[in-house]
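One structure is given below, encoded as structure tokens.
Every read-out reported here was derived from the displayed coordinates using simple, explicitly stated rules and does not represent laboratory data. From a predicted model like this one, the values you see are computed outputs, not experimental measurements. Here the Cβ is made from the backbone with ideal geometry for all residues, glycine too, and neighbour counts use every protein chain on show.
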Amino acid sequence: MREGGTEMIEYYSSYGPFFSEYIEFKRSLGYRYKYEYVFTAFDRFLLENNVTNIGLTRKICDQWGQKRPNESDVTRYKRINDIRNFSIYLNGAGYPSYVPRQVHQYKTTFIPYIFTKEEIDQFFRACDSLQFTPNSITTHIYPAVFRLIYGCGLRANEALSIKCGDINLDNKYIIIREPKNGEDRMLPISDSLVETLKLYKNCYRNGAKEKDFFFVKLNGDRCSSETMYEWFRKILRIAGISHGGKGHGPCVHSFRHSFSVHSLAAMSDAGLDLYYCLPLLSKYLGHKSLEATDKYVRLTADMYPGIMDDMNQLCSYVFPEVGKA
């Protein structure tokens, strides 16, 4: 058993201690290794196949690597690669194991949904139309959470993980701690967002300790991503925005995508030099590379063709032309 974030992960197969040791080993090398869920699934797989001997065989690795119904190539690649690295670790620890061959990493075909400015207005008008009740703070929480995610381009989990001590409304900034790339970042927030957060704080978080979560349920527990998504769907319906089905329409993460594209559009309209602005946006978003930020440019060229005209003047190895990437 080990602690993964706020969860206690328990393994049941004979490989349990090795999973925990491997994760600790990765972290000791400086990796922010947070994939206990991979080994939870693999642990269950080993139990179902009655695998007890330490040392992975080719047969068991091949079984694990078989493509599953409706599984994307990217998901399969990640699943195989995690166990491949674990096998290498077992060999180094003195337990001979089969190492699956290196699988080609497929490029994702996913195209992020970008809200139009009109849809953003519709969504937040719908947020503000929610009926407040004295026995529920949910209708107070999510208008603030969604505005924070869109207003700062946050990942959903980053917003839900913010502690009271991470928000400085007097000086108008927030601190994102332990994000996906492992680098904390300080982000400025707009006056309108400050007022939204102040309203929520004055109603529900005055007197809270700095280490307490900012967005909480009535019982004081951290809000869950599942409940957030449920409210996102409800507000979409109120706003008259089609959900489009899984993988096709907007999701909570679409606010982050939209923030990125809308920010680039605003920079372009203001006549700013995107050669200098893009690295700033990349840092603001917590991206490890410019390529991660560049995808928003290339995928939304039809929506904002002016951006692509500017981007094509930049370094071709960072910003390849559409169709040549």
(request) Could you line up Met228, Met267, Met186 from fewest to most neighbouring Cβ atoms inside 10 Å? (result) Met186, Met267, Met228
(message) For a quick check: sort Cys223, Cys61 by the number of other beta carbons within 10 angstrom, fewest at the front.
(response) Cys61, Cys223
(request) Sort Tyr11, Tyr204 so that the residue with the fewest other Cβ atoms within 10 Å of its own Cβ comes first and the one with the most comes last. (result) Tyr204, Tyr11
(request) In debye, nearest 20, what is the charge dipole magnitude of region 161-286 about its Cα centre with +1 on Lys and Arg Cβ and -1 on Asp and Glu Cβ, if you could check? (result) 460 debye
